[in-house]
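See below for the structure under consideration.
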Amino acid sequence: MTTEQTIQRIQQLKKEKNAIILAHYYTRPEIQDIADYLGDSLGLSRMAGKTDAEIIVFCGVHFMAETASIISPEKKVLSPAPDAGCSLAESVTGNDLKKWKENNPDGIIVSYVNTTAEVKAYTDYCCTSSNALDVVKSLPKGRKILFVPDKNLGAYIKKTTGIEMELWNGDCCVHEKITPGIASSMLEKYPEADILIHPESNCSSDESILKHDRAFFYSTAGILKHAAQSPKDTFIIATEEETIHKLKSDNPSKKFIPVAPGTICSQMKKITLDNLLYCLENECGEVKVPEEIRKKAILPIERMLKI
Ligand code: 13P
Ligand code: SF4
C-alpha cells in the first residue's frame, strides 16, 4: 500500500466507525497531519471528554490513552502503540504514594498527568504543564504537599510560586538533557531570538535562565501561542523537536531552532501510519482502566479540569 492509500483508508475507516484521531505534538509529522485534533496533554484530555465519537484512536504514549479512557469510559480508546511508555510515568507507583499517605495522612499529593491510572487513584490533584502553577496556587494553605513525579517541573513551580513542596525524583529522559549550560549558550549564539522552554527541562529552575529577559516557560500549547503572537521572527525551541512541525506550519515566515540535536521522544515515534491503520481496522490496542481504579483516578482529573 502506498502512503496515499494508507491515508485514504484511515480516513474512510474513521467515517465508517465514527472514530476520532487525537495526537500529541510530539508524534511524527504525518500523524499530526492526519489527526482530527492535535494538542498538548491538557487539550487532549479536554477533547477526550467532549468528543461524540464512539472510538478514540489515541496517538500518544500509554498514560495519555489511559487518561482518555478514565475521562470517557463509555468510549473505546485504542492505542496504535500500546507499548509506548514514558520515563516520568514509570518513575512512581501507586504503592509509593500509598506509603507516603500513610506517613503523611494530612498531606496533599499533586500528580503531573504523566502518571499511570494507579498513581492517579492515590492522587488528590492532577495537573499538566499548562495548569500546574494554577493548581498548586489553589491548594489549601499550611498542608504538606508532595509533587510527583517530575523534579524539574516541581522545582520550577516551587521557584515561581514560593510554595514549599516535597519533590519526587523523576524526570523526562528527553527534557532532562536540556541543561542551563545548553540554554545559555544558545541564547548567546542567537542574540535576536527568544528561547521557549518546556518546564520539564533541566534548566527550568536555574536562576539565570528564569530571570533572563528572552527566556519563557510554557507547555507545548503555550510555546505555540508565544511564537504566533510575538513580533520576533527567530525562536530557540527547548522542548521535543517535533513541535517545530506545527510551529512552522502556523508561522511559515518564522525561524525555529531546536535547542539541541536529538531532543526526541522515541516513544512518541512508535506511532506510524501503518500501525494507526492496523489499530483502526482491527480495533485492537484497547486501553481500558479497571472500574475500581477509574472511579478513584477520575477525581483528581476532575478537580484539575475545574481549575
Ligand atoms: P505537555 O503536552 O503538557 O506540554 O507535556 C509535554 C509532555 O512531555 C507530554 O508527555
Ligand atoms: Fe514522557 Fe518525556 Fe516522552 Fe513526554 S517527552 S512522553 S514526558 S518521555
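The values are calculated or read from the model by the stated rules, or taken from the named source; none is laboratory data. Since the model is a prediction, treat every value here as computed from it, not as a measurement. Because the Cβ atoms are built from the backbone with ideal geometry, glycine has one as well, and the counts that use them run over all protein chains shown. Remember, those area values only see protein heavy atoms, side chains included, never the ligands or the DNA or RNA. Shrake-Rupley method; radii C 1.70, N 1.55, O 1.52, S 1.80 Å.
Sort out which residues of region 231-252 are open to solvent by 20 Å² or more (accessible area, probe 1.4 Å) and touching an Asp or Glu at 6+ places or on another chain (Cβ under 7 Å), and write them in order of number. Even if it seems obvious, please write down each step before you answer.
Here is the first cut: in region 231-252, the residues open to solvent by 20 Å² or more (accessible area, probe 1.4 Å) are 231-233, 241-242, 245-246, 248-250, 252.
Listed by number, the list holds a single entry, Lys232.
Within region 139-152, can one find any residue that is within 16 Å of ligand 1 (Cβ to nearest atom), part of a helix (DSSP H, G or I) and modelled with pLDDT of 95 or more?
Let us first name the residues in region 139-152 that are within 16 Å of ligand 1 (Cβ to nearest atom), namely 147-152.
Next, only the ones that are part of a helix (DSSP H, G or I) stay: 151-152.
Still in the running and modelled with pLDDT of 95 or more: 151-152.
Yes; the residues of region 139-152 include at least one that is within 16 Å of ligand 1 (Cβ to nearest atom), part of a helix (DSSP H, G or I) and modelled with pLDDT of 95 or more.
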Return the total of residues in region 118-129 being surrounded by fewer than 21 Cβ atoms within 10 Å (Cβ to Cβ) and within 20 Å of Ser72 (Cβ to Cβ).
1
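So, in region 172-196, exactly how many residues are assigned to a loop (DSSP other than H, G, I, E, B), crowded, with 19+ Cβ neighbours inside 10 Å and more than 16 Å from ligand 1 (Cβ to nearest atom)?
First, pick out the residues of region 172-196 that are assigned to a loop (DSSP other than H, G, I, E, B): 172-174, 178-179, 190-193.
Now restrict to residues that are crowded, with 19+ Cβ neighbours inside 10 Å: 172, 174, 178, 193.
Filter once more, so that each one left must be more than 16 Å from ligand 1 (Cβ to nearest atom): 193.
Count: 1.
What is the residue count in region 231-244 for residues that are away from ligand 2 (no atom under 16 Å from the Cβ) and either of a type in the set (Ser, Thr, Tyr) or free of Cβ contacts under 8 Å to residues at least 12 places away in the same chain (or both)? Before the answer, list the steps.
Kept after step one, since they are away from ligand 2 (no atom under 16 Å from the Cβ), are these residues of region 231-244: 231-236.
In the following step, the residues that additionally are either of a type in the set (Ser, Thr, Tyr) or free of Cβ contacts under 8 Å to residues at least 12 places away in the same chain (or both) were identified as 231, 234.
Here the count works out to 2.
Pick out, from region 205-307, the helices (runs of 4 or more DSSP H) lying fully within it that include 3 or more residues that are among the aliphatic types (A, V, I, L, M), out of contact with any Cys (no Cβ under 7 Å at 6 or more places or on another chain) and under 21 Å from Thr116 (Cβ atoms). Write out each step before concluding.
Details: elements: 207-211, 220-229, 243-250, 273-282, 291-306.
Ranges flagged: 291-306.
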Under the condition of being farther than 20 Å from Ala215 by Cα and of a type in the set (Gly, Ala, Ser), which residue from region 120-168 is nearest to the chain's Cα centre (by Cα)?
Ala121
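Scan region 137-157 for residues that are of a type outside the set (Ser, Thr, Tyr), out of contact with any Ser or Thr (no Cβ under 7 Å at 6 or more places or on another chain) and open to solvent by 40 Å² or more (accessible area, probe 1.4 Å) and jot them down.
Let us first name the residues in region 137-157 that are of a type outside the set (Ser, Thr, Tyr), namely 137, 139-155, 157.
Those left that are additionally out of contact with any Ser or Thr (no Cβ under 7 Å at 6 or more places or on another chain): 139-147, 150-151, 154, 157.
Answer for region 137-157, where residues must be of a type outside the set (Ser, Thr, Tyr), out of contact with any Ser or Thr (no Cβ under 7 Å at 6 or more places or on another chain) and open to solvent by 40 Å² or more (accessible area, probe 1.4 Å): Pro140, Lys141, Gly142, Arg143, Lys144, Lys151.
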When you go through (1) closer than 16 Å to Ser266 by Cα; (2) within 16 Å of ligand 2 (Cβ to nearest atom); (3) open to solvent by 10 Å² or more (accessible area, probe 1.4 Å) one by one for Ala81, which number turns out not to apply?
(3)
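Give me a count of the residues in region 203-230 that are of a type in the set (S, T, N, Q), surrounded by 14 or more Cβ atoms within 10 Å (Cβ to Cβ), away from ligand 2 (no atom under 16 Å from the Cβ) and within 23 Å of the chain's Cα centre (by Cα).
Within region 203-230, the subset of a type in the set (S, T, N, Q) is 204-205, 208, 219-220, 229-230.
Narrowing the set further to residues that are surrounded by 14 or more Cβ atoms within 10 Å (Cβ to Cβ) leaves 204-205, 219-220, 230.
Keeping just the survivors that are away from ligand 2 (no atom under 16 Å from the Cβ) gives 205, 230.
Then drop every residue that is not within 23 Å of the chain's Cα centre (by Cα), which leaves 205.
Residues in region 203-230 being of a type in the set (S, T, N, Q), surrounded by 14 or more Cβ atoms within 10 Å (Cβ to Cβ), away from ligand 2 (no atom under 16 Å from the Cβ) and within 23 Å of the chain's Cα centre (by Cα): 1 in total.
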Within region 266-279, residues within 16 Å of ligand 1 (Cβ to nearest atom) and open to solvent by 20 Å² or more (accessible area, probe 1.4 Å) come out as Ser266, Gln267, Lys269, Lys270
List the number of the failed condition for Leu133; all other conditions in (1) away from ligand 1 (no atom under 12 Å from the Cβ); (2) touching a residue at least 40 places away in the same chain (Cβ under 8 Å) hold.
(2)
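Out of Ser45, Ser72, report the one residue that is of a type in the set (S, T, N, Q) and within 16 Å of ligand 2 (Cβ to nearest atom).
On the way: Ser72 fails: within 16 Å of ligand 2 (Cβ to nearest atom).
Unique residue meeting the criteria: Ser45.
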One residue is enough: does region 166-182 have a residue meeting the conditions in contact (Cβ under 8 Å) with a residue 24 or more places away in the chain, farther than 27 Å from Val92 by Cα and away from ligand 2 (no atom under 16 Å from the Cβ)?
yes
Name the residue that is least open to solvent (accessible area, probe 1.4 Å), counting only residues in region 23-45 that are touching a Cys at 6+ places or on another chain (Cβ under 7 Å) and away from ligand 1 (no atom under 13 Å from the Cβ).
Ile31
